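Data block below; observations after.
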Amino acid sequence: MTLANELANMDATALAELVRRGEVKPVELVRAAIERIEKVNPQINAVVTKMYDEALAEAQAGPGAGPFAGVPFLLKDLVAAYRGIRMSSGSRYAKDYIPLADSELVARYRRAGLIVLGKTNTPEFGLLPTTEPELFGPTRNPWNVDRTAGGSSGGSAAAVASGMVPMAHGNDAGGSIRIPASCCGVFGLKPTRARNSLGPFVGDVFSGLAAEHALTRSVRDSAALLDATAGYSLGDPYCAPEPVRPFVQEVGANPGKLRVAFFTKTPLGTPIHPDCVAAVEDAAKLLAGLGHEIAEAAPALNGELIWKHFMAIWKAGLTWTVRNTFYMVGRMPGPGELEPITLAYDEAGREVTAADYLTAVQYFQFLTRRIAEFMRDYDVLLMPTLGSPPLPLGSFVPSPEDPLASGVASAFVPFTPIFNGTGQPAMSVPLFWNAEGLPVGTHFVGRYGDEATLYRLAAQLEQARPWANRRPPVRV
């Protein structure tokens, strides 16, 4: 086994420990990761911008003092600005945009000692739950290269699943961490709203729908990384409640006897694939065997109103995104520089009135209170992450009858957007693989501000049914 492959079997926490003990140098980790990327990326197209020279130079300087000093890392090519490196947002319109400063999150990643090797693929402006931009082409799922890796953090999820790096940045405004985590069989937690700062360029995105974090192979990596990045940044409009103790200390802590409500019926009444139902039922049995109290129960959810108001914010948000890109690149988009579905959303967003938008925000504030009331009786909600296993590539091509591809999107992601609206922490845990060998994530939602319970539970599940050694056919 080569050094690159041997290191690929370790999580970021283990790699950082090797560096601290002097058993491996950061430059060795970086070179090994580059070797893995060069081997696997041609098959799945996860990394679209390479930063090898910058990474090697940083690694040669020696390890820093952060918790992940010397560990290779990848950034999603959306929102996370890295000074001097293009941030295309998956769009031909923005393909030449070069940020002049790091975003606050990237600055914290770098202070944590992470070495960024490149940027990962994303759909144009993160619009779809699949990663198939016209600019770079599709990211392929390492479990089956004809299937989607999910979106919009599909490049990051595929990179982690295939062993390129142990963890990679992602963001989530409607499920974009949890969707690809489910599709690629990795761990993905969306933190509480404003747990990570979006500064200094914006205060929040889409009235708080968007959250920043990562896709990881291990639970402890996710927790330790959130410890390194979370917290208020000067000028933030609001921030999440302070945790009682570092999240990494929750990993391995006894979660106690949790009250878990599970359900598989979607708010819109759209069908759920039997594999996704089976994954939830299997998880419920596992939880019961671990001593938790399980009940089949669900909060009252009006699917039509949820989807109507979510789409109002989403459409208006896309129109804002296109306009904001104008200020970034300094010109209007030329012919063919925006994809047809982006143009359709931009046009639809122009029809959303200010009153429509504020009504949608108000509706999600109302829904947040209703779900919080329901969760007085439950510590965790359990449901499918997705409506089906990973779909074939090309499933989200818009049609004249559905130019926004909203029909297939609402069926594929029936649950995740709800908890962007409420701001609650939520995670997709890789506990189930179907008969085709495809991963099917299980979705857990915690109370607002309570990532601690989710991390305790996730670590217990990771120990009870380990997933780290399950590797896809396309891997290092």
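The values are calculated or read from the model by the stated rules, or taken from the named source; none is laboratory data. Since this is a predicted model, take the numbers as computed values, not measurements. FYI the Cβ positions are ideal-geometry reconstructions off the backbone, even for glycines, and counts take in every protein chain you see.
A few points about this structure:
- P430 fulfils the conditions (1) of a type outside the set (D, E); (2) assigned to a loop (DSSP other than H, G, I, E, B); (3) over 24 Å from L127 (Cβ atoms) except for a single criterion, (2).
- Here is the figure for the range 400-427: residues that are under 29 Å from V474 (Cβ atoms), in a helix (DSSP H, G or I) and aliphatic (A, V, I, L, M) total 3.
- Selection from the range 30-63 of residues that are farther than 18 Å from A157 by Cβ, at pLDDT 95 or above and among the small types (G, A, S): A32, A55, A57, A59
- Among the residues making up the range 420-453, those that are surrounded by 24 or more Cβ atoms within 10 Å (Cβ to Cβ) and more than 19 Å from P299 (Cα to Cα) are S428, V429, P430, F432, P439, V440, G441, E451.
To keep it simple, each residue is scored yes or no on (1) more than 24 Å from the chain's Cα centre (by Cα); (2) within 30 Å of P166 (Cβ to Cβ); (3) outside any strand (DSSP E or B).
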{"residue": "L225", "(1), (2), (3)": "no, yes, yes"}
{"residue": "Y238", "(1), (2), (3)": "no, no, yes"}
{"residue": "R245", "(1), (2), (3)": "no, yes, yes"}
{"residue": "A261", "(1), (2), (3)": "no, no, no"}
{"residue": "T266", "(1), (2), (3)": "no, no, yes"}
{"residue": "I272", "(1), (2), (3)": "no, no, yes"}
{"residue": "C276", "(1), (2), (3)": "no, yes, yes"}
{"residue": "A288", "(1), (2), (3)": "yes, no, yes"}
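- Residue match in the range 103-111 (condition: part of a loop (DSSP other than H, G, I, E, B), under 26 Å from D236 (Cβ atoms) and among the charged types (D, E, K, R)): no
- Filtering A278, A316 for residues that are touching a residue at least 12 places away in the same chain (Cβ under 8 Å) and under 28 Å from F432 (Cα atoms) leaves a single hit, A278.
- Residues that are surrounded by fewer than 14 Cβ atoms within 10 Å (Cβ to Cβ) and not acidic (D, E) within the range 272-294 comprise P274, K285, A288, G289, G291, listed in sequence order.
- Checklist (1) under 27 Å from F374 (Cα atoms); (2) surrounded by fewer than 20 Cβ atoms within 10 Å (Cβ to Cβ) applied to A210, failing item: (2)
- Scope the range 142-182; condition in a strand (DSSP E or B) and touching a Leu at 6+ places or on another chain (Cβ under 8 Å); matching residues: N144, D146, R147, T148, M167, A168, H169, G170, N171
- Contacts under 6 angstrom Cβ, first residue in the range 254-271 being under 12 Å from V380 (Cβ atoms), partner among the basic types (K, R), 6 or more apart: P255/R456
- Across the range 393-409, a minimum of one residue is classified as touching a residue at least 24 places away in the same chain (Cβ under 8 Å) and either under 17 Å from the mean Cα position of the chain (by Cα) or closer than 29 Å to A12 by Cβ (or both).
- Subset tally (residues that are among the aliphatic types (A, V, I, L, M), assigned to a helix (DSSP H, G or I) and in contact with a helix residue (DSSP H, G or I) (Cβ under 8 Å, 6 or more places away or on another chain)) for the range 345-371: 5
- Residues of the range 454-470 that are surrounded by fewer than 17 Cβ atoms within 10 Å (Cβ to Cβ) and under 24 Å from H273 (Cβ atoms): R465, R470.
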